[in-house]
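As C-alpha cells, the structure follows; a few thoughts come after it.
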Amino acid sequence: MNALELNALHKTFGNVTALDHVNLSVPAGSRTAIVGPSGSGKTTLLRMIAGFEFPDTGSIQLSGQTLVDATTQVPAHQRLIGYVPQDGALFPHMTVAGNIGFGLPGTAASKQQRIAELMEMVALETRMANRWPHELSGGQQQRVALARALAQRPRLMLLDEPFSALDTGLRATLRKRVATLLSEAGITTVLVTHDQAEALSFADQLAVMRQGRLVQAGQPMDLYLRPVDTQTALFLGDAVVMPAQVDGGWATCDLGRIPVNNPDHRGAADIMLRPEQLQVVPDTRDSRHVNGCLGVITDRDFGGNVCTLTVELHPQVCAVSGQTTHRSLLVRSSGLGAPPTGSTVHISTLGDAHVLDTSSEHRR
Ligand SMILES: Nc1ncnc2c1ncn2[C@@H]1O[C@H](COP(=O)(O)OP(=O)(O)OP(=O)(O)O)[C@@H](O)[C@H]1O
Ligand SMILES: [Mg+2]
C-alpha cells in the first residue's frame, strides 16, 4: 500500500498558482526527493502534507487515512508527521537539549540519554546541549531541527533543504547517515533539495516541479536519462541537446548515427545525451573508423578528477534543417588524459540518445 497519496492538490495565493493539480504516490518506507526552481511550489507542498497549509481542492491520504479532502481536515499535531522546515524554526527560548527533547516521554535520565543519542546521529557534539539557538551556526541549527523531528519517531518525515547550510563533506556524510537511519526505521521520507546530485543519490523516487506543476516523477536514473523535456533535462544536469531525424530506432544528427532509447519515435525531434556519453580521442586514422564526427577543443575546464571540454564540431550540413551548422558541445573527460585546447579530436557516443518530448504539454 502506498504510504502517501497526493491527489490533484491545487492551491492559489491571490493570483499565484502555487500548486497546480499535483498528483504523487510515495510508497511506504521509501525516500522521495522533490526538486524544482525557486518558487515552483516545493515548500507549499510539504507544508500542505504537514498540515500547515490547506488545499483549495484535492486530497491527501497517509497509510489509508484521509488527512485532508473537501470534508476532512486533520490538524497538523494529529498527523504524526515530522517536518524540518527550510529555516529550521527552532524554539528560540529553549536550549538545544530543550528543542530536541520537546515532547519526549520518559524520565529526565532517559530523556537525556535519548537526546545524546539523537545529537550523535546528526553529528552534533554533546557539549552543545546547553547552547541557545542564536549561539549556533545555520548548519548546526539545521541539525538540531533534524534531531528534534527524528525524536518524535514520525510515520512520515518531511525535510525542506535540511542540509543546505552544511559544507560539502559534512553534507554528504550526514545525508548518507540520515538516509540509512530513516530507512532502518522504515520512515517514509519526502526531501526537498536544490542540489540535483543530492536528489539523485538520496532518493528512490525523484519528482520535478515547475510553476506549481509536477512535470515528472520516477526513478532518479530514469529521469536523468529519460527526462520528459529539455528544461527537465537541463535541470537535472548538463545535457547535449540537438536536432535529429529519427527513424527505425536511430537518430541521424551532427554526431553521426546514434541509437535512441524510444524507438517508436519517427521524424524530426530534439535528442539528448549526457556529456559523459560523449567520448573524445585525438584524431588519428584509426579513430575515423568509429562512427562519430570531428571537432576542435576550444576550452578545457580542469575540475580535479573530471575535466569538462568544450568541443566545436567541424561545420557540417544538418540532417534536419539542411543548413550548415556550427555546434559546440560539452564533453567530460578524465582530468589526466584530456586532450589539449586547440587539438582536433574524434567524438563518438556511448549508449542511447533520448528523444525529447517537444509537444506543447511540456513546454511550460
Ligand atoms: N503564504 C503565501 N502567500 C502568498 N504567496 C505565497 C505564500 N506561500 C508561497 N507563496 C508563493 O507560492 C509560490 C510557491 O512558493 P514555495 O515557497 O512553495 O516555493 P519553493 O519551490 O519552495 O521555492 P524555494 O526553492 O525558493 O524555497 C511562490 O510564487 C510564492 O511566492
Ligand atoms: Mg522552499
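Values in this text are rule-based calculations from the coordinates and carry no lab data. Remember, it's a predicted structure, so these values are computed and weren't measured experimentally. Using ideal geometry, Cβ is built from the backbone for each residue, glycine included, and neighbour counts are taken over all protein chains shown.
If the reach is capped at under 29 angstrom between alpha carbons, list the lysines near Lys111, excluding any in the same chain fewer than eight residues apart.
Cα-Cα hits under 29 Å: Lys176.
Can you check what the net charge comes to around Thr308, using other residues whose Cβ is under 12 Å from the Cβ of Thr308 (Lys, Arg +1; Asp, Glu -1)?
It works out to a net charge of -2.
Rounded to the nearest 0.05, what FRET efficiency is calculated for Phe102 and Glu276 with R0 set to 51 Å and r the Cβ-Cβ distance?
The pair Phe102/Glu276 has a calculated efficiency of 0.65.
If we count every other residue with Cβ under 9 angstrom of Gly212's Cβ, Lys/Arg +1 and Asp/Glu -1, where does the sum land?
Local net charge: +2.
I'd like the projected area of the stretch 237-363, averaged over all directions, using the convex hull of its alpha carbons. Report it in nm² with one decimal.
Result: a mean projected hull area of 8.3 nm².
Using the Kirkwood radius over C-alpha pairs as Rh, can you work out the diffusion coefficient of the stretch 35-83 via Stokes-Einstein at 37 °C, viscosity 0.692 mPa s, in µm² per second?
The estimated diffusion coefficient comes to 287 µm²/s.
If each DSSP helix of 4+ residues adds -39,500 (n - 2.57) and the sum is divided by the residues in the chain, what number results at 222 nm, nearest 500 deg cm²/dmol?
-6500 deg cm²/dmol
Report the local net charge at Pro133: Lys and Arg +1, Asp and Glu -1, summed over other residues whose C-beta lies under 13 Å from its C-beta.
+1
So what's the Cα pair-distance distribution over the stretch 71-150, bin width 5 Å, in %?
3, 16, 27, 24, 15, 8, 4, 2, 1, 0
When you take every Cα atom in the stretch 2-225, what is the radius of gyration, and what is Dmax, the widest Cα pair distance, in Å?
Reported Rg and Dmax, both Å: 17.2, 52.
How high is the FRET efficiency between Met128 and Thr17 when r is their beta carbon distance and R₀ equals 41 Å, given to the nearest 0.05?
FRET efficiency, Met128 to Thr17: 0.45.
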